[in-house]
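Note sheet for the following structure.
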Amino acid sequence: MNEHPTEHPAPVPEPAAAEPPASAPEQSGDRARRRRAIIWGAAALAAVVVAALALGAVRWADERSARDEYRTVLEQWQTVDDDAPGALPAELAGLDAEIAAARALSAALPEPLVGAELKAALDGAAATAQQTAEQHGGVVDGRGTAATSEPEGAAELRAATRRIETALAEREEAARDADAALAAVTGQRAAVVAAVDAARGALAAAVADQAATLTGASAEAQQALATASGVLAAAPLAEVAASATALTAALDAMRAEHEAAAETAAAANVDDPASITVVVNKQRPLNPISWQPGDLRMPAGIPNPNGQPVRAEAATALEAMYAEAAAAGVPFIITSGYRGYGLQTSLFESYTARDGLAAAETYSARPGHSEHQTGLAVDLDDGSGCAFDSCFGDTATGRWLRENGHRFGFILRYDAGQEPVVGFIYEPWHFRYVGPQVAGDMRARGITNLEDYFGLPVAPTY
Ligand SMILES: [Zn+2]
């Protein structure tokens, strides 16, 4: 008992402020325990808080990382270049149209004219293009869709990221396929267009070559051909076949006129020197070369200072023409008519001596090659100073004769610009009698020279 005297509190009152000394050790131990408990509790709480905070931070960082990954792959999705699948249908439609144009043109090409190779080349280009179109017609638009709303949570973000990655890979592969298909189709379009352009160019060239041989075609028919050729050159692809057909038709029309001219020539007799339609030029001498007509006479009532006659039929026509011209106030005189082989020989020799052979041959014919030797040609003048001069064409008489001569059977034989065909410069004074039927027909068809009208070779030189 006495071992623990402090357990017995003394009656002595303690100072209020002081701790009771007797109970102090016991109370002090409790407090320490409590204090430790509090400290541990606080520490544990702090640890829990710190741990919770740390865990939150980790989770936050993890979600942020997942979100970054998600956004990166989504951005890749959004930036995939896949215009090709969208462009492909239009490109395929264009190719289909070009294949159709190539096949139509091939069908419209006249094979004897352009040759089988050209048609084969066109058909081959169309067939190759058709294969390409079939091969790439089934290319799928692999664009697909990606989720538009961003999920919450790292796991959800990662799952969404994987889904987008899978779709992205498919989409990129589809885009590559579509790029390749687009390149192939575009290439074929260019190839077909090139084949069509080559064919239309070859057709135009072949037609031009043919047309150059078709003498006897009217100016109208030649103009129609030139127009059709221009239309073909500029035609859009869809109209190429129709334009080619039109050009071929224009050529056929020219050929028909050429054949008609050949028939006319055969019927008209361009070879017999006694025929009023005999054609004499630098390639076609009179045969026999010194031939002379048997029905020459002087036209009545027309001034004829050189006194040269013409054949009877031409003389009658001249008299009728003179009567109308005089009545219209544009009378004329005859400066040349029939010139025989002998006279032409001496004239040509004197011209050659004076101007040289080359110059003389532009305005004077060699003996046997002069229309004057037929008795069907006259040189006319109005006495105004333009005799044997191009200015005669601008006189009132010259203009009247050009406009009205055909009604009496006369043509202006050597018109301006015809030298490559007729072999002589513009001679607005030289008129040739061919009869009203031929002269009227030539005028109606816009043909200015006998070589073209009768389908004869051009005669620029001897
Ligand atoms: Zn003449």
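Between the residues Ala100, Thr215, Ala160, the greatest Cα displacement towards the positive end of the dipole of the stretch 83-263, with unit charges on the Cβ of Lys, Arg, Asp and Glu, is found for Ala160. Between Ala116 and Ser275, what is the FRET efficiency for a Förster distance of 41 Å, r being their Cβ-Cβ separation, to the nearest 0.05? E between Ala116 and Ser275, to the nearest 0.05, is 0.40. The relative contact order of the stretch 186-330 comes to 16 percent, based on Cα pairs under 8 Å that sit 6 or more residues apart.
What is the local net charge at Thr248, summed over the other residues whose Cβ is closer than 14 Å to its Cβ (Lys, Arg +1; Asp, Glu -1)? Result for the local shell: 0. Taking every C-alpha pair closer than 8 Å and separated by at least 6 residues, the mean separation divided by the residue count of the stretch 296-454 gives a relative contact order of 20 percent.
Ordered by the number of other Cβ atoms lying within 10 Å of each residue's own Cβ, fewest first, Val50, Val240 fall into the sequence Val50, Val240.
How high is the relative contact order of the chain? Use alpha-carbon pairs under 8 Å, at least six apart in sequence, and give a whole percent. Could the numbers behind the result be given before it?
On the way: 638 pairs, mean separation 60.1, N = 462.
That works out to 13 percent.
Over the chain, DSSP H runs of length four or greater, each weighted -39,500 (n - 2.57), average out per residue to a 222 nm ellipticity of -20500 deg cm²/dmol.
Note on Glu69, Glu134, Glu451: ascending count of other Cβ atoms within 10 Å places them as Glu134, Glu69, Glu451, the fewest first. Compared with the dominant principal axis of the Cα atoms in the chain, helix 219-234 is inclined by about 10°. To the nearest ten degrees, helix 436-445 and the longest principal axis of the Cα atoms of the chain are 10 degrees apart. Each 10 Å bin from 0 upward holds the following percent of the Cα-Cα pairs of the stretch 296-454: 11, 41, 39, 9, 0.
Among residues other than Ala120 with Cβ under 15 Å from its Cβ, the summed charge is -1 (Lys and Arg +1, Asp and Glu -1). Among residues other than Leu380 with Cβ under 13 Å from its Cβ, the summed charge is -1 (Lys and Arg +1, Asp and Glu -1). Positive-end ranking of Ala47, Gly29, Phe332 along the dipole of the chain, with charges on Cβ about the Cα centre, is headed by Phe332.
Summarising the overall dimensions of the chain from its C-alpha atoms, the Rg and Dmax are 54.6, 195 angstrom.
If the chain between Gln283 and Ala358 were fully stretched, how many nm would it gain, using 0.36 nm times the residue separation less the Cα-Cα distance?
Details: separation 75, 0.36 × 75 = 27.00 nm, distance 1.66 nm.
Once the chain is fully extended between Gln283 and Ala358, it gains 25.3 nm.
Legend: ranking of residues Glu371, Glu263, Glu63 from fewest to most surrounding C-beta atoms inside 10 Å; resulting order Glu263, Glu63, Glu371. The orientation-averaged projection of the convex hull spanning the C-alpha atoms of the stretch 83-263 amounts to 12.3 square nanometres.
Just so you know, all these numbers are worked out from the coordinates, no wet-lab data involved. Values in this document were obtained by computation on a predicted structure and should not be read as measured data. Positions of Cβ are generated from backbone atoms using ideal geometry, with glycine treated the same way; all protein chains shown enter the neighbour counts.
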